[in-house]
1. Consider residue 85 carefully, then state whether it is exposed (fewer than 10 other Cβ atoms within 10 Å of the Cβ), farther than 30 Å from residue 133 by Cα and modelled with pLDDT under 90.
2. Does region 116-142 hold any residues that are farther than 17 Å from residue 50 by Cβ and either assigned to a loop (DSSP other than H, G, I, E, B) or of a type in the set (Phe, Trp, Tyr) (or both), and which are they?
3. How many of the residues in region 63-78 are more than 15 Å from the chain's Cα centre (by Cα) and assigned to a helix (DSSP H, G or I)?
4. Based on what the data block shows, is residue 50 exposed (fewer than 13 other Cβ atoms within 10 Å of the Cβ), of a type outside the set (S, T, N, Q) and at pLDDT 85 or above?
5. Looking only at region 92-142, count how many residues are more than 16 Å from residue 80 (Cα to Cα) and of a type in the set (Gly, Ala, Ser).
Amino acid sequence: MIVAKRRPARRHHFPLWGNILHDVVNAPVKETVKENKRYTYPAVNVKEYDNQFIVDVAVPGYDKNDIHINLDQDHLIISSERKGEKDLNFKIREFNYGTFNRKFRLPEDVDVENITASFKDGILSIHIPKAEEVKPRKIDIK
């Protein structure tokens, strides 16, 4: 008869690493972090076409009433301020709630009176038409 001695199974190859992960995941988020304003900068795409510029701003989770678009001389300013939740039971918190302010200098050749904006599926699209005199046009040869 063969008697085999069984080794106890190891819980972790690196027990300290397991404890650190456990502590990080199960520790509550400090209230001071949540109280501070967090500044975020949403991703922006700017496209140029023959007759307009389109500025797309990725703001998922925002409501269109949270976002402000202003013109100040030759600058387009997109801003928002949101408050985060005051729940102290977060184990991990990665959603950014806070203030953002993006400022773009407009070219001289835009029609600022006809700028429009739309909001769909977390994307804010701002359409900035070019002025008539700078739009490319075809010249017929006679």
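The values are calculated or read from the model by the stated rules, or taken from the named source; none is laboratory data. Bear in mind that the values here come from a model prediction, so they are computed numbers and not experimental data. So basically every Cβ, Gly included, is an ideal-geometry build from the backbone, and we count neighbours across all protein chains shown.
1. Numbers: exposed (fewer than 10 other Cβ atoms within 10 Å of the Cβ): no; farther than 30 Å from residue 133 by Cα: yes; modelled with pLDDT under 90: yes.
No: the conditions fail for residue 85.
2. Let us first name the residues in region 116-142 that are farther than 17 Å from residue 50 by Cβ, namely 116-126, 140-142.
If the condition is that a residue be farther than 17 Å from residue 50 by Cβ and either assigned to a loop (DSSP other than H, G, I, E, B) or of a type in the set (Phe, Trp, Tyr) (or both), then 119, 121, 122, 140, 141, 142 are the ones that fit.
3. So the answer is 1.
4. On the way: exposed (fewer than 13 other Cβ atoms within 10 Å of the Cβ): yes; of a type outside the set (S, T, N, Q): yes; at pLDDT 85 or above: yes.
The answer is yes for residue 50.
5. Step one: list which residues in region 92-142 are more than 16 Å from residue 80 (Cα to Cα), which gives 92-94, 105-116, 120-121, 127-142.
Okay, now just the ones that are also of a type in the set (Gly, Ala, Ser), so 131.
Result for region 92-142: 1.
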